[in-house]
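Enquirer: My structure is below; once you've seen it, I'll send some questions.
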Amino acid sequence: MSENIVTIKNLTKSYENGHIKALNGINLSIRKGEFISIIGPSGSGKSTLLNMLGALDTPDNGEIIVAGEDLKKSKKLNEFRAKKIGFIFQLHNLIPNISTVENVELPMHSHGIKTKNMRKKALEALKFMGIENRANILPTKLSGGERQRVAIARALINDPEIILADEPTGALDSVNSKKVMDMLKKLHKEKNVTLIVITHDLEIANMAQRTINVLDGKILE
Amino acid sequence: MSFTKLILKNPFRKKSRAILSITGIMIGIMVIILLGAITSGLTEEMGVESKNTEFFIMNNTVENYGTPANMETSALDNLSSVKGINQTAKLIDGSIVDGTNMISVEGMDADKLEFMGVTIINGTKYNENKDEVIIGKLLADNENKTINDKLKIKNKEYTITGIFETGNINNDKAAIISINKSRDLLNIDDDKIFLLQVSIKKGEDIEKIKSEVENKTPEEIKALSDASELESVKTILTMVDGATFAISILAIIIGGLGVINTMLMSVTDRTKEIGLLKAIGWSKKRIVFMIVSESIILTTTSFILGSIFSIAILYALEYFKIFDASYPPKIFIIAFIVAFIVGIIGGLVPAIRASRFEATEALRYE
């Protein structure tokens, strides 16, 4: 049995002076290399949970340890995000005025990698995603599916331990959704990365090894 | 892609906005350079620099005026102990009446002609051991003389070796010969001169040196400069300088507000993008550095274009003989410093704002 990469105990988070309880005592363990899907209705707290896992938000109470980092106490959250986490968003969030390959290189800027090596690694990531021939064009010239594959390449560029995907197929048609999910599964299988996907789509949720159902800031058993 | 390349690309995403912003700052930069060049041109034209570094020593008694030379050189023996003096030149200044004609004769050492502001426009200097003379352009025109012609002064013929200009109408009507020859012509004792022109070393205090000169020479010897002319020129230039400074400050404020506005709009447009950069691990410091650098790119571009246009305008002014400008590096350095500071100030406010974005909020921004 592999070790836990995520350990969450009694995690709470509220907004607007405690009037909105986004997370209400979450307990969760995720093993290294696991493929998890998180489902739940809008406003259930699943995106807040994902933001907590990616150190984009801080908890009010409880304990959250991700990839060996205590996120409640850590002072190096930028470094943690840069090295340990890869984000994929529903909308690809690619920068429009720089090329596809330059977008993939962005996370490497905080690592002090030489420009030449950055380019080599970014092209390899695009090749892994099957879109190396689109490397030098602007994101605005790509299809929705291609853009999301570029976003996945960007997420995996720093060899993160965990990939957090917030509805990665939410803005795609069924054909492109399948392609993107195939890529994520390939990524999970070949790179043994821990994959946590938020989705409304039960078909996609069922692709995961385990599905977590969030409702009213709690995980349903 | 290097971080530098990203910074260079970002400011020009919205081209029309960037052009407007650059134009605004460029006008401010042009104002600074053009006014600076005009002030500097005026300074040179009016000889303020030389007026401020030169004075003359003479016997300041009523008797001395109207005589070609009434200052004994022995009175200046202690001058060598005055520190800060760069160069000196003796002058004898007299007139010779020959019938109905009167000719001004000045005696100078041939190697001090340039220092005395004498520019030979045709021919050469005189040989101090020969009966040679150089004459002012106006005298040459009046007498219809040119080089190698003879000029008769007091029944003696002198060979004209050069024609000179000084920019002063009276001086350009004169003839200049060696000190010794002028003493012979004007019947002056060997130890007397009219005045001694003095220039001081760069950075020295002219008033202090003048005072020291007067302390080390007899009472009737005075160190003088054309104070009234210098003061009026200085007053005009101080006013122009003041106007330049006020307009520069205005340009900085307007330019700075323009940059702040442009960068704030840019940061607002890129809220989501900044959220993404935070999500992928970019630090606040890196984001602030990126945005401030983008702002500096805008203002530096303005500086480069403003400098080019300013030089073109100044060339045009010179070409059409409207104004003789001067381009001391100082004004370009000042303009660049202004552009750089406006860039930092204009970029800092939006950059700090961007660095405070919560990544989760920024990523949801529509």
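FYI, it's all coordinate maths here, none of it is from the lab. The shown structure was predicted, so the numbers you read here are calculated from the model rather than taken from an experiment. Cβ atoms come from the backbone with ideal geometry, glycine included; neighbour counts cover every protein chain shown.
Enquirer: I need to check one value: relative contact order of chain B, counting alpha carbon pairs closer than 8 Å and at least 6 residues apart, in percent.
Expert: Computed over chain B, the figure is 28 percent.
Enquirer: Could you give the dipole magnitude of the protein assembly as shown about its Cα centre, charging the beta-carbon of Lys and Arg +1 and that of Asp and Glu -1, in debye to the nearest 20?
Expert: The calculated dipole for the protein assembly as shown is roughly 4720 debye.
Enquirer: Would you list which lysines come within 19 Å of A:Lys141, measuring only between C-alpha atoms, while excluding same-chain residues fewer than 8 positions from it?
Expert: A:Lys127, A:Lys179, B:Lys9, B:Lys14
Enquirer: Considering only DSSP states other than H, G, I, E and B, which GluC sites (Glu not before Pro) in region A:152-211 qualify as loop sites with at most 14 other Cβ atoms within 10 Å?
Expert: When the GluC sites (Glu not before Pro) of region A:152-211 are filtered for loop state and at most 14 Cβ neighbours within 10 Å, nothing remains.
Enquirer: Here's another thing I want to ask about it. Too long at a 23 Å Cα-Cα cut-off: which of A:Lys32/B:Lys278; A:Lys76/A:Lys189; B:Lys125/B:Lys150?
Expert: Too far apart for the 23 Å limit: A:Lys32/B:Lys278; A:Lys76/A:Lys189.
Enquirer: What list of ³J(HN,Hα) values in whole Hz, one per residue of region B:95-107 in order, does the Karplus curve 6.51 cos²θ - 1.76 cosθ + 1.60 (θ = phi - 60°) give from phi, with Gly and Pro shown as x?
Expert: For region B:95-107, the Karplus-derived couplings read 10, 10, 9, 10, x, 8, 8, 10, 10, 7, 10, 10, x Hz, x marking Gly and Pro.
Enquirer: Once you place label points 7 Å from the Cα toward the Cβ at B:Asn101 and B:Lys202, how far apart are they in nm?
Expert: 4.5
Enquirer: What is region B:136-244 by shape, rounded, prolate or oblate, if you read a ≥ b ≥ c off the alpha carbon gyration tensor as root eigenvalues and call it rounded for a/c under 1.5, prolate for a/b larger than b/c, and oblate otherwise?
Expert: It comes out oblate by the Cα gyration axes.
Enquirer: When ranked by the protection proxy of mean other Cβ atoms within 10 Å per residue, highest first, what sequence do the peptides A:152-158, B:280-286, B:137-143 form?
Expert: A:152-158, B:280-286, B:137-143
Enquirer: Additional query: Applying the Karplus parametrisation 6.51 cos²θ - 1.76 cosθ + 1.60 with θ = phi - 60° to the phi angles of region A:68-79, what ³J(HN,Hα) value in whole Hz is obtained for each residue in order, glycine and proline being reported as x?
Expert: Whole-Hz 3J(HN,Hα) from phi for region A:68-79: x, 9, 7, 6, 7, 9, 4, 9, 10, 6, 4, 4.
Enquirer: Give B:Lys181/B:Lys201; A:Lys120/B:Lys15; B:Lys112/B:Lys210 a once-over and call out the pairs whose C-alpha atoms are over 26 Å from each other.
Expert: Listed pairs above 26 Å: B:Lys181/B:Lys201; A:Lys120/B:Lys15.
Enquirer: Average partner chain C-beta neighbours within 10 Å, per residue of B:268-281?
Expert: 6
Enquirer: Straight distance only, please: which aspartates and glutamates reach the Cα of B:Lys284 with their own Cα at less than 12 Å, same-chain residues fewer than 8 apart left out?
Expert: A:Glu79, B:Glu358
Enquirer: Further, regarding this structure: Give me the dipole magnitude in Debye, nearest 20, for region B:241-363 about the Cα centre, with unit charges on the beta carbon: positive for Lys and Arg, negative for Asp and Glu.
Expert: 440
Enquirer: Right, next: If you find the alpha carbon centre of region A:165-221 and of region B:315-342, how far apart are they in angstrom?
Expert: 63
Enquirer: Relative contact order (percent) for region B:54-226, with alpha-carbon contacts under 8 angstrom and 6 or more residues of separation?
Expert: Answer for region B:54-226 is 39 percent.
Enquirer: Considering Cα pairs under 8 angstrom that are at least six residues apart, work out the relative contact order of chain A and quote it in whole percent.
Expert: It comes to 30 percent, rounded to a whole number.
Enquirer: Mean residue ellipticity at 222 nm from the helices of chain B, using -39,500 (n - 2.57) per DSSP H segment of n ≥ 4 over the full residue count, to the nearest 500 deg cm²/dmol?
Expert: Result for chain B: -17000 deg cm²/dmol, rounded to the nearest 500.
Enquirer: Send over the per residue convex hull volume for the protein assembly as shown, Cα only, as a whole number of Å³.
Expert: 232
Enquirer: Treating cross-link reach as a plain straight distance, find the aspartates and glutamates whose alpha-carbon is under 16 Å from the alpha-carbon of A:Lys21, omitting any fewer than eight places away in the same chain.
Expert: Leaving aside aspartates and glutamates fewer than 8 places away in the same chain, those within reach of A:Lys21 are A:Asp57, A:Asp60, A:Asp216.
Enquirer: Within 10 Å of each Cβ of A:96-103, how many other protein chain Cβ atoms are there on average?
Expert: Average per residue, whole number: 3.
Enquirer: Determine the shape class of region A:64-221: with a ≥ b ≥ c the square roots of the Cα gyration tensor eigenvalues, call it rounded for a/c under 1.5, and otherwise prolate if a/b is greater than b/c, oblate otherwise.
Expert: In terms of gyration-tensor shape, oblate.
Enquirer: For a footprinting-style exposure proxy, rank A:Glu167, A:Glu3, A:Glu79, A:Glu105 by other Cβ within 10 Å, fewest first.
Expert: A:Glu3, A:Glu79, A:Glu167, A:Glu105
Enquirer: Let me ask something else about it. For chain A, what is the calculated [θ] at 222 nm in deg cm²/dmol (nearest 500), taking -39500 (n - 2.57) for each run of four or more DSSP H residues and dividing by its residue count?
Expert: The helix contribution divided over chain A gives -9500 deg cm²/dmol.
Enquirer: Then there's this: Compute the angle between helix A:144-156 and the longest alpha-carbon principal axis of chain A, please, reported from 0 to 90 degrees and rounded to the nearest 10.
Expert: Result, in degrees: 70.
Enquirer: Express in whole angstrom the spacing between the alpha-carbon centres of region A:16-73 and region B:181-208.
Expert: 92
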